[in-house]
Amino acid sequence: MGSVNTSYDGNDIGLAFNQPALLKPGMHSHLNVSFNDFFASTKAYHLSLGYHHEQSETTFMYGVFFLNYGNAVETDASGNVYGDFKANDWVMQLSASRQYLEKWHYGSTIKFISSNYGQYRSNGMAVDVGLVYADTAKLFTAGLLVKNMGTQLKKYDGASGEDLPFDLQIGVTKKLSNAPFAFSLTLHHLHQFDIRYHDTLYNSLNDFQPNGNKNYFFDKIFRHLVAATHVYIGNHVEATLGYNHLRRKELNIGRDGNGLNGFSAGIGIKTGKFNFQYAHARYQNNSGYNQMGIILHLNRMMNLN
């Protein structure tokens, strides 16, 4: 779905990993495991598990995301090789969500973040807060997410206090009543209007505007936009197409053919006991990355209530 979505209510605990207000009681005992094959031997792994506590009317989720960059050569400033080292980033988080009245859901996530590059290590704490309004009669959902409120506890050089990548997101999803389609529109980084990467030399070469006098007003607006289309094929298959304008603009290279940069597509197969998901996203003209995931309904698989 273009990697950013705050409003799509697809009973998918993987989406609740990023938007805690999408965490629902129906996700009790859902276990989500996914694998991403990135570039240069980089691998990403994700696991999340849902649990609904009836007495408190609260749904909880535990989640882990691990990004492994593999081994890299360790050298000094003169290029002398001393061996190799491992590099990885990971986050461990706990989420909770509740319903308010009939149409509102709210949730929050607290997470511990760690970054490890050989002898250089850093970590931090962050909180996400989400709100979802769902009108099932009108097939309309809206979501708000305040992401990464927190601080870096330990910097790579031993100091502390760097800011985390704060994000303010809002999105809507509308399903059609007489056609098997739904459409999502999400806006991100709303707290900052200009999110272009300001590299003077690169922008001049890439945009072919040597004097750099263009203000890029509409481009600045559309870089906040992520769009997605959902297609329901029967009761058990769903296909999705997404577009992330910021990703496309940041990865385009001059006037060369940039193919489907910024586009992504996926398909999900749903059964009573598990869901299978596959997605492909384009990052360059001739390369992309693949993601595979599965959601297990543990209570149904083990015949539990």
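Which of the following values of log10 I(q)/I(0) by the Debye sum over Cα atoms at q = 0.11, 0.13 Å⁻¹ was calculated from the structure shown: (1) -0.78, -1.08; (2) -0.60, -0.85; (3) -0.79, -0.96?
Here the calculated entry is (1).
Cut-off is 10 Å between beta-carbons; in what order do ILE221, ILE110 appear when sorted fewest neighbours first? Please list the in-between numbers first.
Details: ILE221 12, ILE110 15.
So the ranking, lowest neighbour count to highest, is ILE221, ILE110.
Quick check on my link table: of LYS86/LYS155; LYS24/LYS273; LYS175/LYS220; LYS103/LYS175, which ones sit more than 25 Å apart, alpha carbon to alpha carbon?
Distance filter (> 25 Å) returns LYS175/LYS220.
From the backbone phi of segment 81-94, what are the Karplus-calculated ³J(HN,Hα) couplings (6.51 cos²θ - 1.76 cosθ + 1.60, θ = phi - 60°) in whole Hz, Gly and Pro given as x?
Karplus values, whole Hz, x for Gly and Pro: 8, 10, x, 9, 8, 9, 10, 7, 10, 7, 9, 10, 9, 10.
Calculated from DSSP H runs of 4 or more alone, at -39500 (n - 2.57) each and per residue, what is the 222 nm mean residue ellipticity of the chain, nearest 500?
-2000 deg cm²/dmol
Which of LYS111, LYS103 has the fewest other C-beta atoms within 10 Å, and how do the rest follow up to the most?
By the 10 Å Cβ count, ascending, the order reads LYS103, LYS111.
Which cross-chain or sequence-distant (5 or more) residues have an amide H under 5 Å from the amide H of ASP84, H modelled 1.01 Å from N in plane?
Distant-sequence amide H within range of ASP84: GLU74.
By a straight-distance test (C-alpha under 20 Å), which aspartates and glutamates pair with LYS138 as possible cross-link partners, with residues fewer than eight away in the same chain excluded?
Within the straight-line cut-off, LYS138 pairs with ASP9, GLU102.
Could you put LEU190, LEU164 in order, starting from the residue whose Cβ has the fewest other Cβ atoms within 10 Å?
LEU190, LEU164
Calculate one ³J(HN,Hα) per residue across segment 125-131 by plugging θ = phi - 60° into the Karplus curve 6.51 cos²θ - 1.76 cosθ + 1.60, and present them in order as whole Hz with x for glycine and proline.
Working through the residues one at a time gives 10, 8, 10, 10, 10, x, 9 Hz.
Considering segment 220-264, what Rg and Dmax in Å follow from its alpha-carbon atoms?
13.6, 43
If amide H atoms are built 1.01 Å from N in the plane of the peptide, which residues on other chains or at least 5 residues away come under 5 Å of the amide H of GLU162?
It is GLN152, by chain and number.
Name the most mobile residue of PHE263, PHE193, PHE217, meaning the one with the largest mean-square fluctuation, in a Gaussian network model of the chain with Cα contacts below 10 Å.
Sorting by GNM fluctuation, first place goes to PHE217.
Just to confirm a number: summing +1 for Lys and Arg and -1 for Asp and Glu over residues other than ARG247 whose beta-carbon lies under 10 angstrom from that of ARG247, what do you get?
That works out to +3.
Can you give me the long-range amide H partners of PHE274? Hydrogens built in the peptide plane at 1.01 Å from N, cutoff under 5 Å, separation of 5 or more residues or another chain.
Hits under the 5 Å cutoff: HIS297.
Bear in mind these aren't lab numbers, they're just calculated from the coordinates by the rules spelled out. This one's a predicted model, so the numbers in the text were calculated from it and none came from an experiment. Note: ideal-geometry Cβ built from the backbone for every residue, glycine included; neighbour counts use all protein chains shown.
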